1. Please determine, by comparing only the residues of segment 9-59 that are over 14 Å from the mean Cα position of the chain (by Cα) and hydroxyl-bearing (Ser, Thr, Tyr), which one is nearest to residue 76 (Cα to Cα).
2. Take the residues in segment 60-75 that are over 11 Å from the mean Cα position of the chain (by Cα) and not hydrophobic (A, V, I, L, M, F, W, C), then tell me which one is farthest from residue 5 (Cα to Cα).
3. In this structure, does residue 15 turn out to be closer than 14 Å to residue 91 by Cβ and not polar (S, T, N, Q)?
4. So which residues in segment 30-73 are out of contact with any helix residue (DSSP H, G or I) (no Cβ under 6 Å at 6 or more places or on another chain) and of a type in the set (D, E, K, R), if there are any at all?
5. Out of contact with any Ser or Thr (no Cβ under 6 Å at 6 or more places or on another chain), without any contact (Cβ under 8 Å) to a residue 12 or more places away in the chain and assigned to a loop (DSSP other than H, G, I, E, B): does that describe residue 48?
6. Filtering segment 1-24 down to residues that are crowded, with 17+ Cβ neighbours inside 10 Å and not hydroxyl-bearing (Ser, Thr, Tyr), which residue is nearest to residue 61 (Cα to Cα)?
Amino acid sequence: MIQVSESAAKKIASLKVEDGATSEAFLRVFVKRGGCSGFSYKMDFDTVMKDGDKVFEMNGAKVVVDGASLLYLLGMTLDYEGGLNGKGFIFSNPNATKTCGCGSSFGV
């Protein structure tokens, strides 16, 4: 399961509006090789479901993860911290054995 905090769900909703995404759009979260720790988190709005996709809905946000990325993201919580010292989206991933200083890449 992927958890989405209330603050992350609110930010996802506001970004959908800012980006002009359709109401059918969902947030696709995936993992890509690269980054200073081996893997990078990626997010984008999408409207097309693919074979093997898993859907998680929480706090009004619909998050979709492909099957390969799910292996690295299972149990993760997506949060958002804003404000002057906020970091943006925060990936609390129990599968990560190391992370980089920026928090956008990890290793397993």
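The values are calculated or read from the model by the stated rules, or taken from the named source; none is laboratory data. Computed from a predicted structure; not experimentally measured. Cβ coordinates were reconstructed from backbone atoms using ideal geometry, including for glycine residues, and neighbour counts include every protein chain displayed.
1. Result: 37.
2. 67
3. No.
4. 32, 33, 42, 44, 46, 50, 51, 53, 57, 62, 66
5. yes
6. 9
A quick yes/no check of all residues on (1) within 11 Å of residue 41 (Cα to Cα); (2) of a type outside the set (A, V, I, L, M); (3) at pLDDT below 75; (4) assigned to a loop (DSSP other than H, G, I, E, B):
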residue: 64; (1), (2), (3), (4): no, no, no, no
residue: 70; (1), (2), (3), (4): no, no, no, no
residue: 75; (1), (2), (3), (4): no, yes, no, yes
residue: 91; (1), (2), (3), (4): yes, yes, no, no
residue: 96; (1), (2), (3), (4): no, no, no, yes
residue: 101; (1), (2), (3), (4): no, yes, yes, yes
residue: 106; (1), (2), (3), (4): yes, yes, yes, no
